Amino acid sequence: MRMLEVNIDQSGEVRSALLDLEEVVIGRKNDSREIHLDLAPDESVSRVHARVLLEGGIIFIEDLGSSAGTFIDGIKIDTKIKLEPESKVKIGGAFLDFRINSSAQKVDEFQADNPPANNNPEELLSSHEGKNIHVKLNRNGEISQLSFALDELFVGRKHPEHEIHIDLNPDLKASRKHARIWRTRNICWIADLSSTHGTLVNGEILNGARVIEPNDVVQIGAATMQFYYEAGSGGAVASKRIDDESAFEELDTYPVYKEENYRYHLPGRRKKSDLDSIFKSRKSPVGRIRVTHELKLDECGKGIDDGSGLSSLFPEIINQLSELPDQHSLSEWFVTKVSNWMPEVNRASFFMADHSSGRINLLAHKPALKPVVSDMLAHRSWETNSAYAWEQVGKEESVRRLSANAGIYVPLIFMEKELGLICVESTAESGSFSMTHLSWLVLVGKVMSISLEGGVQKASG
């Protein structure tokens, strides 16, 4: 069965659709013509805007005389044009990508063909004690159980260019590098790697990355799989998110938004139910980042004495801080001086949390280009009393690229009061920050928090 699969990124929400049609009309619902992809309420989208055609296994797109135009990879089209698999279509404020999915099944068909299996993790693990990720693989009715002492697995067809752990040869509906499965703490994730025929989870097309539970059935080509994660010697645990009530839960990747000023959500008002409507109203992110290191603020001594020489700078930093009269001079001092201690830093910014206005105010930044941040990761740093080092995700995960490739967020907290946030970034192509960098910056941030709160008390006294 050949079906058109479309991923739609609109107003910060990403959704997918499978369409059993050879012509798909895009626009806003109206009485004159049937619309298959409705992009309402975006009024920059014409009622009958464009159409996508599937002809002989090739996807074409054509603008239907819209007011604002149809764009492919930033170029406005004026004729029927072939869509390449990596092409990005922009209609109004929405971004769309299309591909042919010949392995797709509807959810009810999938469930009928794949009746519930015995999904008891303990039974699966009984003969594989001591491993980390376990896989129950079903290929044409032949079931095998695999175990890997790894944090990351790749599914596909073996070839010399990339290591494949679950080899689905000779199934040509499995791409050579089809999907990635990995674990972060007690969470198991899966992501499709821009495969030709897609990945299904419980019969639904996988778009981006998502958490998978032991009962979830993953289908790639004709094979189905279930994944179980074992946490050390304690046996198997079902992968699930922590902080279920917090809006700033642990995620595999965090969105980065470009906003004039960012909201500050007060402690005690950070439940999902409090912020769900705000999150849904946001525009699309300008990129995504993934945490590489995490450090609790009370563990900042880790890795300082590693021969880097950073510890020898600390007495002079304390002396300089003692001479700064207020938060403005302190913020300018930080963004100017930090690259002297950490040459990897190309950019630095200093934010204050304004509890009265509910805003995260930018006090200072270097260079002149205004920084963008993941305010979701910033709030998580306050919520967890932790600092985070991060790296930008790969191009296969996000087509939108940030100018910075790595960074660190350190929350400024004094006696449980959230004061602000310091951020540093590296724009180098292979830029990254180590646990030593993170630990060092946390130490500086803790001293800055003391100085900052002292300066506020002086000013108010």
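Can you name the condition, by its number, that ILE242 falls short on among (1) at pLDDT 80 or above; (2) open to solvent by 10 Å² or more (accessible area, probe 1.4 Å); (3) hydrophobic (A, V, I, L, M, F, W, C)? Evaluating ILE242 over (1) at pLDDT 80 or above; (2) open to solvent by 10 Å² or more (accessible area, probe 1.4 Å); (3) hydrophobic (A, V, I, L, M, F, W, C) leaves (1) as the failure. Hey, can you tell me all the residues within the range 402-436 that are surrounded by 21 or more Cβ atoms within 10 Å (Cβ to Cβ) and of a type in the set (Val, Ile, Thr)? Result: ILE408, VAL410, ILE422, VAL424. On the given criteria, is PHE95 modelled with pLDDT of 90 or more, closer than 28 Å to HIS197 by Cβ, under 25 Å from the mean Cα position of the chain (by Cα) and not aliphatic (A, V, I, L, M)? When the stated conditions are applied, PHE95 passes them. Answer yes if at least one residue in the range 351-373 is modelled with pLDDT of 90 or more, assigned to a helix (DSSP H, G or I) and within 27 Å of the chain's Cα centre (by Cα), and no otherwise. No, because not a single residue in the range 351-373 is modelled with pLDDT of 90 or more, assigned to a helix (DSSP H, G or I) and within 27 Å of the chain's Cα centre (by Cα). Residues in the range 378-395 that are surrounded by fewer than 22 Cβ atoms within 10 Å (Cβ to Cβ) and hydrophobic (A, V, I, L, M, F, W, C): 1 in all.
Any idea which of GLY12, GLY65, GLY56 is in contact with a Phe, Trp or Tyr (Cβ under 8 Å, 6 or more places away or on another chain) and open to solvent by 20 Å² or more (accessible area, probe 1.4 Å)?
Among GLY12, GLY65, GLY56, only GLY12 is in contact with a Phe, Trp or Tyr (Cβ under 8 Å, 6 or more places away or on another chain) and open to solvent by 20 Å² or more (accessible area, probe 1.4 Å).
Restricting ALA179, ALA209, ALA223 to residues that are touching an Asp or Glu at 6+ places or on another chain (Cβ under 8 Å) and open to solvent by 20 Å² or more (accessible area, probe 1.4 Å) narrows the list to ALA209. Restricting LEU96, LEU4 to those that are farther than 30 Å from SER277 by Cβ and surrounded by 14 or more Cβ atoms within 10 Å (Cβ to Cβ) reduces the list to LEU4. Among the residues in the range 334-342, are any in contact (Cβ under 8 Å) with a residue 24 or more places away in the chain and closer than 24 Å to GLU250 by Cα? No: the range 334-342 contains no residue that is in contact (Cβ under 8 Å) with a residue 24 or more places away in the chain and closer than 24 Å to GLU250 by Cα. Scanning the range 68-86 for residues that are in contact (Cβ under 8 Å) with a residue 24 or more places away in the chain and surrounded by 15 or more Cβ atoms within 10 Å (Cβ to Cβ) yields ALA68, LEU83.
The values are calculated or read from the model by the stated rules, or taken from the named source; none is laboratory data. None of these values were measured; they are calculated from a predicted model. Reconstructed Cβ throughout: ideal geometry from the backbone, glycine too, with neighbour counts over all protein chains shown. Surface accessibility is based on the protein's heavy atoms, side chains included, excluding ligands, DNA and RNA. Shrake-Rupley method; radii C 1.70, N 1.55, O 1.52, S 1.80 Å.
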